[in-house]
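Scroll down for the structure; my scribbles are underneath it.
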């Protein structure tokens, strides 16, 4: 294929993808942008990674070279997030540091350890950390980076929930939730990025938000949680804009993304089901497959 033909095909594909995205009014601007970019990506640059998490063999993954990464909030409330992110990293040979406020990990920790593939270089480490203690958080993340001489990635998943009618929230309730859900996530990303800049690592940071940051979940009265997750979504966009450019001194090039899970059966969600009669039936009834998701 000559250069002129390739250029014409690319131009046609760009026009088609833009029109296609405009023809889907219900998707969010971020989804539309992702859709367009995906169609613009040359086929040879697209990568597909295996999704079979039951295989004991190490999987092909860009983190397989024993790169250190941080997974935040892996206690009882956040373990479902860790099951997906942390386990995938250790299976692929990543050196994963799991941070949570509990002094010791819960009983599911043994399951996570079993997923480590030593032959691929993977390892799993637990550190107690309350994200609201920002001074200790910063020093802990710095020590992890110093121990390895680098820091390649982080998943910031800290979050607490409180089901309360809007008229009944106290200022203390709001402050407590924002300290964890927003400030804690922000400070985690900041501390990680500080080390990435220090070691000139072009790393990756993933913030865990929620579908609740974009919609008001029917049957669940949690205005503070929902709005805090909306803030996390906007935070990810701003951090990506600020940290992604590569600077003259070689720093930057940090990717920042945000994942907004839907109805996922975490311990926190199961607790909501106990507190709100009929909530599970409402949520599962609104999913096309008639059930909530899990880490499988």
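The values are calculated or read from the model by the stated rules, or taken from the named source; none is laboratory data. Everything numeric in this text was worked out from a predicted model, so none of it was measured. Heads up, the Cβs are rebuilt from the backbone with ideal geometry, glycines too, and the neighbour counts pull from every protein chain shown.
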Practice problem: Kindly list the number of the only condition in (1) assigned by the TED database to the domain that holds residue 206; (2) in a loop (DSSP other than H, G, I, E, B) that fails for residue 258. | Solution: (2)
Quiz item: Are any of the residues in segment 212-222 under 22 Å from residue 87 (Cα atoms), free of Cβ contacts under 8 Å to residues at least 40 places away in the same chain and either in a helix (DSSP H, G or I) or in contact with a helix residue (DSSP H, G or I) (Cβ under 9 Å, 6 or more places away or on another chain) (or both)?
Solution: no
Quiz item: Quick check: is even one residue across segment 159-179 assigned to a helix (DSSP H, G or I), in the same structural domain as residue 227 (by the TED database), closer than 30 Å to residue 201 by Cα and more than 20 Å from the chain's Cα centre (by Cα)?
Solution: no
Quiz item: Only one residue in 85, 142, 132 is in contact with a strand residue (DSSP E or B) (Cβ under 6 Å, 6 or more places away or on another chain) and either buried (at least 17 other Cβ atoms within 10 Å of the Cβ) or touching a residue at least 24 places away in the same chain (Cβ under 8 Å) (or both), so which one is that?
Solution: 85
Practice problem: Return yes when residue 183 is part of a helix (DSSP H, G or I) and either surrounded by fewer than 23 Cβ atoms within 10 Å (Cβ to Cβ) or modelled with pLDDT of 95 or more (or both) and no when it is not. | Solution: yes
Quiz item: Would you say residue 239 is touching a strand residue (DSSP E or B) at 6+ places or on another chain (Cβ under 6 Å) and in a helix (DSSP H, G or I)?
Solution: yes
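Checking the structure you have, find out if any residue of segment 263-278 is outside any strand (DSSP E or B), under 15 Å from residue 157 (Cβ atoms) and in contact with a helix residue (DSSP H, G or I) (Cβ under 8 Å, 6 or more places away or on another chain).
Of the residues in segment 263-278, the ones outside any strand (DSSP E or B) are 263, 265-278.
If we keep only those that are under 15 Å from residue 157 (Cβ atoms) as well, we get 266-269.
Filter once more, so that each one left must be in contact with a helix residue (DSSP H, G or I) (Cβ under 8 Å, 6 or more places away or on another chain): 266-267.
Yes, segment 263-278 has at least one match.
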Quiz item: Counting only residues that are loosely packed, with under 12 Cβ neighbours inside 10 Å, in contact (Cβ under 8 Å) with a residue 24 or more places away in the chain and under 13 Å from residue 219 (Cα atoms), how many does segment 239-284 have?
Solution: 2
